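Following: one structure in structure tokens, then a few remarks.
Where a number appears in this text, it was derived from the coordinates with a stated rule and is not lab data. Because the structure is a prediction, the values reported are computed rather than measured. Neighbour counts run over all protein chains shown; Cβ positions are idealised from the backbone, glycine included.
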Amino acid sequence: MKEYTSLTVRLNTKDKESLIGFSIRLAQANGLFSLKDLFSPSQINCFSKGSLSEIDYYWLRNILKKEVTYTNTQQKLFNHPLYKFNRLTNPKVCIQCLKERHIHQDHWQNIHKLKCDIHHTQLITQCHSCKAPLEWGFPLLIGRCTNTRCLQPLVEMTLSIPPNISPQEIDDCLLVAQNINSRNEFNPKKSSHCELKDFNQALLMGYKALNDKKVFQSEIIEPLITHRVNQSAYPAKVKLLKLSQIISQLQSDWPISRWLSAIYQKRVSNQKGNCECPPLVIQARLIRETCDLTHTDLKALHQAKILKYNNYNKNNYPQTTLDISPLFQSLVSSSQSTSSSLKSLEELKPEFECYRTPMHALIIAMLKAKIRFYYHLKMDLMSSLLVDKHELIKFCKSWLQTHDETKLSLDDFVKVFDVDDEAFRDIKMSLGINAKYHPTSVSIYKRLAESINLSLNYI
Ligand SMILES: [Zn+2]
Ligand SMILES: [Zn+2]
């Protein structure tokens with residue numbers, strides 16, 4: 001065995017490179033026969049004193065067939081085999097990156113990492129041709145299968161879940177998969193490390209459960225209600241009897257879109273069109289945050305009976321809850337597809353901001369068919385409502401004209417009503433020196449415009 005100090009060729013580590021990847025490059029550059037030849041006993045001691053990652057520890061132990069000290073500094077996520085080791089021991093790679101740089105990146109080994117940040121392709125752990133799991137070896141760094149009888153160039157494989165799934169959603173899926181598995185008395189091998197195929201399988205199972213209304217009801221909601229789950233993966237506070245309580249507890253742990261998705265699917269699968277929506281109770285504060293509604297919006301929607309305050313308490317507002325099922329029921333049933341190119345309210349927000357039209361006015365207008373829209377469930381209300389830009393702006397403009405006391409800055413007024421430069425100067429003069437920055441009500445602008453015989457660009 002050689003000491004690193006006696007190696008002919010020395011290399012520097014590259015950005016984001018893993019210890020293993022670096023060692024492979026180093027051994028290869030020095031013409032060594034295998035990785036084992038790279039390390040002397042004294043170097044192994046050095047390694048064991050350093051802070052090794054879990055993956056490096058397993059790798060060193062496997063490749064050197066020798067116990068190596070490892071102190072775990074990473075926090076264990078959950079008591080789930082998938083989480084026990086949140087790094088994979090066998091390589092996981094982006095083929096494109098390997099072809100371009102020949103560097104194995106450390107963060108690929110993270111279990112939450114499903115795709116390459118640069119190429120947006122799925123990371124792989126297996127050869128498509130011989131189906132062998134990838135190993136640490138020289139061919140890996142040039143993007144080839146490490147099975148010496150195969151050595152085929154690696155190709156991408158498809159994943160049946162969306163590539164843009166967030167870490168939060170991955171956690172949700174895994175928790176649900178664990179819940180389903182534990183009830184079926186599935187007993188995963190203890191202390192075995194997690195391979196990507198097991199991980200993907202669990203992920204897919206959880207994903208399907210969360211996105212299929214029937215499975216969602218039978219595998220998640222009912223067991224929770226009937227207490228069939230003794231060792232629930234969910235936090236203790238979730239083990240409640242009433243569905244409404246479970247929902248209100250769960251929604252703080254789960255993305256709201258999961259619930260809405262479940263309701264939506266139930267609505268779609270119900271041929272008779274009777275939408276049986278479970279009571280969707282949510283804290284007023286949360287609906288404001290997730291749907292970008294203001295306090296006034298909520299009150300207006302309550303008055304229009306589009307959502308319902310359950311226990312409005314001015315002195316204890318954080319405890320105030322809302323039943324939002326009527327809102328989503330109406331949005332789903334009023335939704336109409338149009339042929340024009342549609343954009344979400346979220347995307348259009350910067351463009352209609354100067355029209356000062358509150359969110360509740362838009363929702364009510366949509367439900368009264370004054371704005372055509374298409375409802376396509378996404379993370380929140382603003383991104384779920386798709387509208388035609390011109391129709392939206394037309395509505396906002398007419399809304400503004402009937403709400404004379406709405407305050408606008410002079411810049412916004414000029415933009416909305418297409419005021420020309422000369423009129424702009426006149427209005428500014430009449431209002432005083434700081435007019436540009438002080439919000440003024442539409443009625444005052446209109447009066448001034450009339451006094452200088454300016455015909456505003458009304459609809
Ligand atoms: Zn890549
Ligand atoms: Zn192969």
Three-way shape call for segment 407-451 based on the alpha-carbon gyration tensor, with the a/c threshold at 1.5: rounded
Starting from the Cα-Cα distance between K314 and E135, subtract it from 0.36 nm times their residue separation and give me the gain in nm to one decimal. 58.2 nm
Could you check the spin-label model distance between A304 and H107? Points 7 Å from the Cα along Cα→Cβ, value in nm. 4.3 nm
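Going through the cross-link list K113/K208; K370/K407; K349/K397, which pairs have a Cα-Cα distance over 22 Å in this structure?
Over 22 Å Cα-Cα: K370/K407.
What's the extension gain from T402 to H295 if we count 0.36 nm per residue and subtract their Cα-Cα distance? Display every interim value, and only then the final one.
Details: separation 107, 0.36 × 107 = 38.52 nm, distance 2.16 nm.
Full extension of this stretch gives 36.4 nm more.
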Need one word for segment 299-408: rounded, prolate or oblate. Basis is the Cα gyration tensor (sqrt eigenvalues a ≥ b ≥ c); a/c below 1.5 gives rounded, then a/b vs b/c decides. oblate
Which pairs, out of K394/K446; K368/K415; K16/K131, put more than 22 Å between their alpha-carbon atoms? K368/K415; K16/K131
Note down the net charge around K349, summing +1 for each Lys or Arg and -1 for each Asp or Glu among other residues with Cβ under 13 Å from its Cβ. -3
